[in-house]
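*Asks:* Mind having a look at this structure? Questions to follow.
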Amino acid sequence: MTTVAELLIETLAEHGVTQVWGVVGDALNPVTDAIRREDRIEWIGVRHEEVGAFAAGAQAQLTGRLGVCMGTVGPGAVHLLNGLYDAKKSHAPVLAICGQVPREDIGSDFFQEVDNDALFADVAVFRATVTSVDQLPRLIEQAGNAALQERGVAVLTLPGDVGELEVPKGTAVPRFVVEPPPVPPSEESVAAAVRAIDGAERVTLLVGQGARHARAEVLALAERLQAPMVLTLKAKEGLEQDNPFEVGQSGLLGNHASAVAFEKCDLLLMLGTDFPYMQFLPHGTTTVQVDADGSHVGRRTPVEHAVVGDARLAVQALVERVRPRTDGGHLDKARASYDAWRERQQQFLDPSYDRKPKGLLRRKVDNPEGRIRPELLAGLLDRYAAPDAVFTVDTGMATTWLARFVRMTGERRLLGSFNLGSMANAMPQALGAAGLDRTRQVVACCGDGGLSMLMGDLLTAVSHDLPVKLVIFDNGRLGMVKLEMEQAGLPEFGTVLHNPDFAKVAEAVGMRGIRVEDPHDLEAAVAETMAYDGPVLLDVLTNPDEVSIPPQPTLGQAWGFAIAKTKEAVTSPE
């Protein structure tokens, strides 16, 4: 005898799913009971379903297999939404198993009833409610295949009286379709791109996540073209290490070298990126865009030549055909700017910076309380984290400091809510990463606003022995919002956070807690955090007024910041 719930869980185990994340309850009790009896799958009970969805999305991104989360009838399913939207925008294959009221009560406005098919209409590439065993195994296969092939979210809903139904004897265990082979670009598109590239004097590469698997080919193309390479944040992983062409990021995270690389080029070659911030892209240049998804072409900047296909195959074809360059002047200028910028950043990695002449003067302006510089914290994380650490990072200023100071060397991985831009993602994603391999170091760079939003799931790390390193950039602010207000000439308002001692909170739930207020104590604390065997939280009080300057600050931004600071001097922010 096999039930609907048992068939579903056996299918997931055969696919390679090792954990399911969620909160137990009513309609899904048969499913959790099937997990209890399946040795290949571990149940991770979270305190908030949003955490489960983020964790499942993180696992999907790290493995390429299905990440799986569950939310039971009504509110449980609703709570999954934010994490599922992050999976959608991150192109992560996630299966959400949701509960529903018994079949006879559907449509009667029953207690907790929610129309899941309507609720998940925008977030899911597939959604269906199982109402009969005759629909299996077809619906399970459709859900899994849709998530894997379309790299998105599938939602399978089980009414409360369906999970325990017996499937006919001999029903085959559903199987999911393996990943399809990469699609080569057309000969015509490659030939047109080659002609455009050969006709350009100075080429700049903008490389994204879609070209990470083509590292060797991308480096060979950059060498052949003597082209500087601007990396998107998601391309740091895999393309940042040992890359003599890299000039950092653009956008608010970036540096002046990316502006030099863009301004001085007459052809922009976009490889596997859908970089959204068009105001930072060059204007008046010829653009060639290589992308596996043709719908991405031209939606950020006008594109003269589109090459639709797998990035590795496309770049291989370009390397073989474009003419080699000997003039490295364009590359040298961008790299010189990048090297000079990185050298200037090193001053902030000195714990005594604020006591030295240059730092003492700056401290009077932007750090009167002598708080720890966030740059120092990020630099120490880079130094002490393992070469194969998984980093997760909250949306906001923590992302800026990680982007600038943490290098994705070795086998390091990087996850964040880089497309949805949600708060509170770093800790849940770290839990998901740690669940895959409890021996691998996982470091979450958390904002104080993000960590406190889902703080209840510190308990999940402890109760399931997930040895995450939670590092809080504790500036007592919603830092990115503060910066946005000040650049617009507004005094900060509503951004101040009245935080607890997060280290004491961690200790209260059974986690190691460490708090640092003096920059000279920080290195030892970071070293202890990285070496600790078990979940640990490092609460670092950082400077709330640290300013991240974009690659090309506008006069309006500078003027707005000056006005805001004047207003803040005479009014209280709260």
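*Asks:* Assuming Pro387 fulfils every condition listed in (1) modelled with pLDDT of 95 or more; (2) crowded, with 16+ Cβ neighbours inside 10 Å apart from one, which condition is it?
*Replies:* Looking at each condition in turn, Pro387 falls short on (2).
*Asks:* Does the stretch 298-305 contain any residue that is outside the structural domain of Val471 (by TED's automatic domain parsing), touching a Leu at 6+ places or on another chain (Cβ under 9 Å) and crowded, with 20+ Cβ neighbours inside 10 Å?
*Replies:* No.
*Asks:* Taking the stated definitions as given, is Ala525 surrounded by fewer than 22 Cβ atoms within 10 Å (Cβ to Cβ) and either over 22 Å from Ile44 (Cβ atoms) or of a type in the set (Val, Ile, Thr) (or both)? If you could, list the steps in order and put the result at the bottom.
*Replies:* Values: surrounded by fewer than 22 Cβ atoms within 10 Å (Cβ to Cβ): yes; either over 22 Å from Ile44 (Cβ atoms) or of a type in the set (Val, Ile, Thr) (or both): yes.
Taking the combined requirement at face value, the residue satisfies it.
Rundown of residues vs (1) in contact with a helix residue (DSSP H, G or I) (Cβ under 8 Å, 6 or more places away or on another chain); (2) under 20 Å from Glu150 (Cα atoms); (3) in contact (Cβ under 8 Å) with a residue 60 or more places away in the chain, yes/no style:
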position	(1), (2), (3)
Ala13	no, no, no
Trp21	yes, no, yes
Val31	yes, no, yes
Arg36	no, no, no
Ile41	yes, no, no
Glu49	yes, no, no
Gln59	yes, yes, yes
Pro75	no, no, no
His79	yes, no, no
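*Asks:* I would also like to ask the following. Suppose the filter is at positive phi, surrounded by fewer than 14 Cβ atoms within 10 Å (Cβ to Cβ) and not assigned by TED's automatic domain parsing to the domain that holds Thr542; does Gly294 pass it?
*Replies:* The answer is no for Gly294.
*Asks:* Then there is this: Give Gly370, Gly359 a once-over and let me know the one that is in the same structural domain as Ile472 (by TED's automatic domain parsing), of a type outside the set (Asp, Glu) and assigned to a loop (DSSP other than H, G, I, E, B).
*Replies:* On the way: Gly359 fails: assigned to a loop (DSSP other than H, G, I, E, B).
Only one candidate qualifies: Gly370.
*Asks:* For residues that are of a type in the set (A, V, I, L, M, F, W, C), surrounded by 17 or more Cβ atoms within 10 Å (Cβ to Cβ) and in contact with a Pro (Cβ under 7 Å, 6 or more places away or on another chain), scanning just the stretch 455-484, find the one that is farthest from Gly83 (Cα to Cα).
*Replies:* My answer is Phe473.
*Asks:* Can you pull out every residue in the stretch 242-284 that is within 27 Å of Val183 (Cβ to Cβ) and modelled with pLDDT under 95?
*Replies:* Asp274, Phe275, Pro276, Met278, Leu281 - these are the residues of the stretch 242-284 that are within 27 Å of Val183 (Cβ to Cβ) and modelled with pLDDT under 95.
*Asks:* If you take the residues in the stretch 320-346 that are among the charged types (D, E, K, R) and within 28 Å of the chain's Cα centre (by Cα), which one is farthest from Val194 (Cα to Cα)?
*Replies:* Kept after step one, since they are among the charged types (D, E, K, R), are these residues of the stretch 320-346: 320-321, 323, 325, 327, 332-333, 335, 339, 342-344.
In the following step, the residues that additionally are within 28 Å of the chain's Cα centre (by Cα) were identified as 335, 339, 342-344.
Details: Arg335: 25, Asp339: 30, Arg342: 34, Glu343: 36, Arg344: 38 Å.
Once the filter is applied, the top-ranked residue is Arg344.
*Asks:* Just to be sure before I move on: is Val315 of a type in the set (A, V, I, L, M, F, W, C), assigned to a helix (DSSP H, G or I), surrounded by fewer than 21 Cβ atoms within 10 Å (Cβ to Cβ) and touching a helix residue (DSSP H, G or I) at 6+ places or on another chain (Cβ under 7 Å) in the structure I sent? Lay out the reasoning, then the answer.
*Replies:* Values: of a type in the set (A, V, I, L, M, F, W, C): yes; assigned to a helix (DSSP H, G or I): yes; surrounded by fewer than 21 Cβ atoms within 10 Å (Cβ to Cβ): no; touching a helix residue (DSSP H, G or I) at 6+ places or on another chain (Cβ under 7 Å): yes.
It is false that Val315 is of a type in the set (A, V, I, L, M, F, W, C), assigned to a helix (DSSP H, G or I), surrounded by fewer than 21 Cβ atoms within 10 Å (Cβ to Cβ) and touching a helix residue (DSSP H, G or I) at 6+ places or on another chain (Cβ under 7 Å).
*Asks:* Contact list please: Cβ distance under 7 Å, first residue in the stretch 429-454 and closer than 19 Å to Ala87 by Cβ, second residue aromatic (Phe, Trp, Tyr) and surrounded by fewer than 24 Cβ atoms within 10 Å (Cβ to Cβ), pairs at least six apart or on different chains.
*Replies:* Listed by first residue and then by second, the contacts come to nothing, as the list is empty.
*Asks:* Looking at the stretch 210-223 only, could you name the residues that are in contact with a Lys or Arg (Cβ under 6 Å, 6 or more places away or on another chain) and crowded, with 24+ Cβ neighbours inside 10 Å?
*Replies:* Within the stretch 210-223, Ala214 is the sole residue that qualifies.
*Asks:* If we keep just the residues of the stretch 112-138 that are touching a residue at least 40 places away in the same chain (Cβ under 8 Å) and closer than 21 Å to Thr171 by Cβ, which is surrounded by the fewest Cβ atoms within 10 Å (Cβ to Cβ)?
*Replies:* Result: Val133.
*Asks:* Moving on. Looking at (1) of a type in the set (A, V, I, L, M, F, W, C); (2) surrounded by fewer than 20 Cβ atoms within 10 Å (Cβ to Cβ); (3) part of a loop (DSSP other than H, G, I, E, B), find the lone condition where Val365 falls short.
*Replies:* In the conditions (1) of a type in the set (A, V, I, L, M, F, W, C); (2) surrounded by fewer than 20 Cβ atoms within 10 Å (Cβ to Cβ); (3) part of a loop (DSSP other than H, G, I, E, B), Val365 misses (3) alone.
*Asks:* Going through the stretch 252-267 one residue at a time, which ones are surrounded by fewer than 23 Cβ atoms within 10 Å (Cβ to Cβ) and farther than 26 Å from Gln345 by Cα?
*Replies:* Asp266 - this is the single residue of the stretch 252-267 that is surrounded by fewer than 23 Cβ atoms within 10 Å (Cβ to Cβ) and farther than 26 Å from Gln345 by Cα.
*Asks:* Further question: Out of the residues in the stretch 158-171 meeting the condition of being closer than 14 Å to Leu139 by Cα and more than 37 Å from the chain's Cα centre (by Cα), tell me which one is surrounded by the most Cβ atoms within 10 Å (Cβ to Cβ).
*Replies:* Val167
*Asks:* Where residues in the stretch 492-517 are part of a loop (DSSP other than H, G, I, E, B) and acidic (Asp, Glu), which of them is surrounded by the most Cβ atoms within 10 Å (Cβ to Cβ)?
*Replies:* Just the residues of the stretch 492-517 that are part of a loop (DSSP other than H, G, I, E, B), to begin with: 492-495, 497-501, 509-511, 517.
Then drop every residue that is not acidic (Asp, Glu), which leaves 492, 501, 517.
Numbers: Glu492: 24, Asp501: 14, Glu517: 14.
Top of the filtered list is Glu492.
*Asks:* At least 2 residues that are of a type in the set (A, V, I, L, M, F, W, C) and outside the structural domain of Arg300 (by TED's automatic domain parsing) in each: list the helices (runs of 4 or more DSSP H) lying fully within the stretch 134-230 that qualify.
*Replies:* 138-150
*Asks:* Going through the stretch 1-26 one residue at a time, which ones are assigned to a helix (DSSP H, G or I) and modelled with pLDDT under 95?
*Replies:* Of everything in the stretch 1-26, just one residue is assigned to a helix (DSSP H, G or I) and modelled with pLDDT under 95, namely Asp26.
*Asks:* Over 14 Å from the mean Cα position of the chain (by Cα), surrounded by fewer than 24 Cβ atoms within 10 Å (Cβ to Cβ), in contact (Cβ under 8 Å) with a residue 60 or more places away in the chain and under 27 Å from Asp545 (Cα atoms): is that true of Asp382 in this structure?
*Replies:* Values: over 14 Å from the mean Cα position of the chain (by Cα): yes; surrounded by fewer than 24 Cβ atoms within 10 Å (Cβ to Cβ): yes; in contact (Cβ under 8 Å) with a residue 60 or more places away in the chain: no; under 27 Å from Asp545 (Cα atoms): yes.
The answer is no for Asp382.
*Asks:* For the subset of the stretch 22-52 comprising residues that are more than 15 Å from Gly99 (Cβ to Cβ) and within 21 Å of the chain's Cα centre (by Cα), which member is surrounded by the fewest Cβ atoms within 10 Å (Cβ to Cβ)?
*Replies:* Across the stretch 22-52, the extreme among qualifying residues is His48.
*Asks:* Now a separate question. Name every residue in the stretch 252-297 that is assigned to a loop (DSSP other than H, G, I, E, B) and among the acidic types (Asp, Glu), in order of residue number.
*Replies:* Asp266, Asp274, Asp293
*Asks:* Still on this structure, please answer the following. I'd like to verify a number: residues in the stretch 493-525 that are touching a strand residue (DSSP E or B) at 6+ places or on another chain (Cβ under 8 Å) and of a type outside the set (Val, Ile, Thr), how many?
*Replies:* Qualifying residue count for the region: 17.
*Asks:* From the list Leu95, Leu84, which one is within 23 Å of the chain's Cα centre (by Cα), assigned to a helix (DSSP H, G or I) and farther than 16 Å from Met427 by Cβ?
*Replies:* Leu84
The values are calculated or read from the model by the stated rules, or taken from the named source; none is laboratory data. No experiment lies behind these values; they were computed from the predicted model shown. We place every Cβ from the backbone using ideal geometry, glycine too, and count neighbours over all the protein chains shown.
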